[in-house]
Amino acid sequence: MEPRSLISIIMAVKNTGPYLAECLDSILTQTYENWELIAVNDHSSDDSWERLNDYARQDKRIRIFQNTSQRLNPALKEGYQHCRGTLINRMDSDDIMPSDKLEAMFEVWTLHGKGVVVAGGVKHFVEKGAVGPGFQRYDQWLNQVARTSTHYQQIYKECVIPSHCWLIHKEDFSAVGAFDPDVYPEDYDLCFRFYQKGYKIIGIDKILHFWRDREDRISRTWMEYKDNRYFDLKLKYFFELDRDSSRPLVVWGAGRNGKDLIKVLKKYEKGIHWVCDNERKIGKDIFGFQIHHFSSIKSLNRPQIIVVISSPSVKSEIESYFTKWGKNPVEDFWFFI
């Protein structure tokens, strides 16, 4: 393989005119120069198309297209059809790349080759004021996942790879369906398809993407992102990839998250052992399931345990119980929140 492979950067553009110059300039200043940008305009009503044309005239590595359909996934799919690179990356049109992003990901990827996805760290930013505490916690968690390369161990909590901070060989990307599935959140579904295919994810302990937070970003405005627990998506893949029907299934947590998960889980399985530590709920019948004390887990034969608890301190306490009981992550238990 040639030492400096062409990297195709795919970017959908929708009414991000005010941010495009900063975004495109950050791509133009990459220390890794063998890239092409495939920018697909998704029916913008602002001056995004004109700005893209200005940059495309200045640098032949920027190639621009119009979305022949509507919305994000079709725009990404349109862009992928025009890729000529060996390696694939994705960019959001209101975000910023640090100058060594492509270089850092390529250097790690080339040590491993095909069958590997390289993922980096991220940092949210806003034009004015401070980033909200929720996004700060998400950044910290994502960067911890990248630092420890525990993507699959934590995949049922949240999307473990930011949509714009990965690098993969084009043949590997095509093998998992690329952008074809019309599923949202598209980045989370892609993570599960990497998991399904058995690709190794190598995390880089470095901030390789600056992620803009703004009020009109689609993760705030589209209905598909309104409930960010994504229980439907998580359970679909859990039953495809990790569920062993010969083992008892346990749900730990009887709060709002636990109740909402059970509503979806009932579609897949009826024999659910539901536990919590709330004395007021233990022994009660909810949705046709009796709530048990969590200590009853010890009497079950090799249970698979889904934990639906959001409190960090309670999560740590639960993990200490698992350690005492000889339970292992991925093999015996999964955190879904």
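Below are the figures for this structure:
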item: Helix axis angle, 17-28 relative to the chain longest principal axis, alpha carbon, degrees; result: 80
item: Peptide ranges 158-165, 182-189 listed from the most packed, as the mean C-beta count within 10 angstrom indicates; result: 158-165, 182-189
item: Long-range amide H partners of Ser149 with built H, under 5 Å; result: Gly203
item: Nitroxide proxy distance, nm - points 7 Å out along Cα→Cβ at Arg280 and Ala56; result: 6.1
item: Order of Ile96, Ile282 - criterion: other Cβ atoms within 10 Å of each residue's Cβ, fewest first; result: Ile282, Ile96
item: Rough spin-label spacing in nm, given labels placed 7 Å along Cα→Cβ, for Ser310 and Glu331; result: 3.2
item: FRET efficiency estimate (nearest 0.05) - Cβ-Cβ, His293 to Glu107, R0 56 angstrom; result: 0.65
item: Long-range HN-HN contacts of Ser44 with modeled amide H, under 5 Å; result: Asn15
item: Greater than 30 Å apart at Cα, pairs in Lys236/Lys281; Lys200/Lys234; Lys206/Lys266; result: Lys206/Lys266
item: For peptides 266-276, 200-210, sequence by mean Cβ density within 10 Å, most packed first; result: 200-210, 266-276
item: Quotient of C-alpha Rg and 2.2 N^0.38 Å, computed over region 183-337; result: 1.15
item: The chain: relative contact order in percent, alpha carbon pairs under 8 Å with at least 6 residues between; result: 16
item: Gained length - Lys128 relative to Asp180, 0.36 nm times residue gap less alpha-carbon distance; result: 15.1 nm
item: 0 to 90° range, to nearest 10: angle between helix 312-325 axis and the chain longest Cα axis; result: 60
item: Pairwise label distance in nanometres, Thr323 with Arg84, each label 7 Å out on the Cα-Cβ vector; result: 5.5
item: Helix axis angle, 186-197 relative to the chain longest principal axis, alpha carbon, degrees; result: 70
item: Centre separation in Å (Cα based) which lies between region 111-163 and region 38-56; result: 28
item: Residues whose placed amide H lies under 5 Å from that of Val122, excluding near-sequence neighbours; result: Asn143, Leu208
item: Phi-based couplings in Hz for region 70-87 (Karplus 6.51, -1.76, 1.60; Gly and Pro marked x); result: 9, 6, 5, 4, x, 5, 5, 5, 4, x, 5, 4, 9, 5, 10, x, 7, 10
item: Footprinting exposure proxy for Thr323, Thr110 (fewest neighbouring C-beta atoms within 10 Å first); result: Thr323, Thr110
item: Kirkwood Rh, angstrom, region 266-307 [1 / mean 1/r, Cα pairs]; result: 11.1
item: Integer Hz, Karplus 6.51/-1.76/1.60 couplings in order for region 158-174, x for Gly and Pro; result: 7, 4, 8, 10, x, 4, 10, 10, 9, 9, 8, 5, 4, 5, 5, 5, 5
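Values in this text are rule-based calculations from the coordinates and carry no lab data. Because the structure is predicted, anything quoted here is derived from the model rather than measured. No Cβ is skipped: glycine too gets one built from the backbone with ideal geometry, and neighbour counts run over all protein chains shown.
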